[in-house]
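Visitor: There's a structure below that I have some questions on.
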Amino acid sequence: MRYDQRRWLFTVIFLFSSMSIAADNVIVRYLPTNDIKLQPMAKKLQSDSSIQDAITLMNEAFIFLQPLTIVFGANDGPLYDPTRNYILIPYTFLDEVEQRFKAVNYVGDNQGNANPENLVQVVMDVLIHTLFHELAHALITTYELPIVGKEEDAADNLAAVLSIEYFENGAEIAISAADLFYLEGDEITEFEEADFWDEHSLDLQRYYATLCHVYGSDDTQYAYLLEDTGFSDERAELCIGNYERMTNNWLTLLDVYMSPEVDASTPGN
């Protein structure tokens, strides 16, 4: 089953107050905010079809030992709290993402076509990638999944796989996330020792790794990324093989924790 990123799966009734939406595996909480600047984004989260698609995928595809709770409007985050099995997403994070893209007049649709209305969708794309990244931490912790290498890199990888394999035009989600990594990395004028021992890879490394996944998923449609990234022919070939192995490895690892009704191997069904 592949989810159409722009399709409504269900309608949410809006109440601009603390509310929870319960499903079999996932509980979603929208906390109120008194910050007038953040209120439009808080309301948008409750209505955006792509976010509801992502939550539906998480609920329908994965099996949790106890319900996973997503808290929008939390004070901390984005992060996964293993003590409560919570994913915490502050409204301020989404505002910061929006401001970063606005600062560079990011109004394209990832293909260079001007479209100011796309800015909100780009922010939603970043949020979807972030939700899937934190979902990876939840699954790794809950099931003590074996991870070789940095867990943060593994979480980025799963976020890319879920976006690309389960969403129509889901590679655009990954591209938006990569562009945010680029903007964050571009702000750094001088590295400190902490940048190198941090559990995350450098932002620019995350940018190139994510675009490598996108190119590897469809080297024809995303051939333009070779020019954007400067990948050599050898690196481009490695991206194709690496994406195939990464996708197979993650879906094999998660197979016993996923519903058999949600199958990424048959796109469009």
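The values are calculated or read from the model by the stated rules, or taken from the named source; none is laboratory data. Bear in mind that the values here come from a model prediction, so they are computed numbers and not experimental data. Counting neighbours? That spans all protein chains shown, and the Cβs are built from the backbone with ideal geometry, glycine included.
Visitor: Please go through the stretch 32-88 and give me each residue that is farther than 19 Å from LEU119 by Cα, touching a Ser or Thr at 6+ places or on another chain (Cβ under 8 Å), surrounded by fewer than 21 Cβ atoms within 10 Å (Cβ to Cβ) and among the hydrophobic types (A, V, I, L, M, F, W, C), ordered by number.
Guide: Of everything in the stretch 32-88, those that are farther than 19 Å from LEU119 by Cα, touching a Ser or Thr at 6+ places or on another chain (Cβ under 8 Å), surrounded by fewer than 21 Cβ atoms within 10 Å (Cβ to Cβ) and among the hydrophobic types (A, V, I, L, M, F, W, C) turn out to be PHE62, ILE63, PHE64, LEU65.
Visitor: Consider only pairs whose beta carbons are under 6 Å apart and that are at least six residues apart or on different chains; among these, list those whose first residue lies in the stretch 121-132 and is within 15 Å of PRO40 (Cα to Cα) and touching a residue at least 60 places away in the same chain (Cβ under 8 Å) and whose second residue is of a type in the set (Ser, Thr, Tyr) and crowded, with 23+ Cβ neighbours inside 10 Å.
Guide: Listed by first residue and then by second, the contacts come to nothing, as the list is empty.
Visitor: With the checklist (1) assigned to a strand (DSSP E or B); (2) at pLDDT 90 or above in hand, flag the one item SER20 doesn't pass.
Guide: Just one mismatch for SER20, condition (2).
Visitor: Quick check, is VAL120 surrounded by fewer than 17 Cβ atoms within 10 Å (Cβ to Cβ), more than 22 Å from THR247 (Cβ to Cβ) and either at pLDDT 95 or above or touching a Pro at 6+ places or on another chain (Cβ under 6 Å) (or both)?
Guide: So VAL120 fails the test.
Visitor: Does any residue of the stretch 100-110 turn out to be modelled with pLDDT of 90 or more and closer than 22 Å to LEU158 by Cα?
Guide: Checked the stretch 100-110: no residue is modelled with pLDDT of 90 or more and closer than 22 Å to LEU158 by Cα.
Visitor: Just to be sure I understand the filter: pairs with C-beta atoms under 7 Å, separated by 6 or more residues or on different chains, first member in the stretch 59-73 and touching a residue at least 60 places away in the same chain (Cβ under 8 Å) and over 10 Å from VAL28 (Cα atoms), second member assigned to a loop (DSSP other than H, G, I, E, B) and not small (Gly, Ala, Ser). Which pairs pass?
Guide: As it stands, the answer is GLU60/VAL262; ALA61/VAL262; PHE62/ASN25; ILE63/ASN25; PHE64/ASN25, since those pairs meet every condition given.
Visitor: So which residues in the stretch 157-170 are assigned to a strand (DSSP E or B) and either surrounded by fewer than 22 Cβ atoms within 10 Å (Cβ to Cβ) or among the charged types (D, E, K, R) (or both)?
Guide: The one that is assigned to a strand (DSSP E or B) and either surrounded by fewer than 22 Cβ atoms within 10 Å (Cβ to Cβ) or among the charged types (D, E, K, R) (or both): GLU168.
Visitor: Something else: So, in the stretch 31-80, how many residues would count as being touching a Lys or Arg at 6+ places or on another chain (Cβ under 7 Å), among the hydroxyl-bearing types (Ser, Thr, Tyr) and either over 22 Å from ILE173 (Cα atoms) or not in a helix (DSSP H, G or I) (or both)?
Guide: The number of residues fulfilling the criteria is 1.
Visitor: While we're looking at this one, here's another question. Any residue at all in the stretch 145-156 that's among the β-branched types (Val, Ile, Thr) and either surrounded by 18 or more Cβ atoms within 10 Å (Cβ to Cβ) or part of a helix (DSSP H, G or I) (or both)?
Guide: no
Visitor: Quick check: anything in the stretch 77-92 among the acidic types (Asp, Glu) and either farther than 22 Å from LEU158 by Cβ or at pLDDT 95 or above (or both)?
Guide: yes
Visitor: Pick from ALA138, ALA177: which is within 13 Å of the chain's Cα centre (by Cα) and either in a helix (DSSP H, G or I) or at pLDDT below 95 (or both)?
Guide: ALA177
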